[in-house]
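One structure is given below, encoded as structure tokens.
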Amino acid sequence: MNTLRSNLVLGLLLLLIPATSYGQDKSKKTFFSALKEGQIVTVKEVGGKYEITVLKNAPVGSKVLEIGNDFVVFEDPAGVLETRIHVTSIKCITRLKLPKE
């Protein structure tokens, strides 16, 4: 009887513990995955929300200073303004891909 009870408890524990991918290092994709600190981007307000465009090798634009879980911080091209924008105020993040020559 004691063995039956311990087998029942063990079976219930196995059903209740979720299977995990322990040991696998797979990075999660987040809303800010397209952004990297130090990147030059353009930030434009449209209808009360911000559109962020990632430009490769852009000469002028806002610099990404910090990326949090629910916010991003930009520095303007002159280096005098620092703007923190919450994720709910961002409409989209667009990555511009130019054709290769």
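Tabulated data
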{"read-out": "Single residue of 10, 35 found to be out of contact with any Phe, Trp or Tyr (no Cβ under 8 Å at 6 or more places or on another chain), at pLDDT below 90 and either among the hydrophobic types (A, V, I, L, M, F, W, C) or not in a loop (DSSP other than H, G, I, E, B) (or both)", "value": "10"}
{"read-out": "Residues of segment 52-78 that turn out to be among the aromatic types (Phe, Trp, Tyr) and exposed (fewer than 13 other Cβ atoms within 10 Å of the Cβ), as a count", "value": "0"}
{"read-out": "Those residues of segment 79-101 which are outside any strand (DSSP E or B) and over 15 Å from residue 69 (Cα atoms), in sequence order", "value": "79, 80, 81, 96, 97, 98, 99, 100, 101"}
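The values are calculated or read from the model by the stated rules, or taken from the named source; none is laboratory data. Computed from a prediction, not measured in an experiment: that's the story for all the values here. A quick note on method: Cβ atoms are made from the backbone with ideal geometry, for glycine too, and the neighbour counts reach across all protein chains shown.
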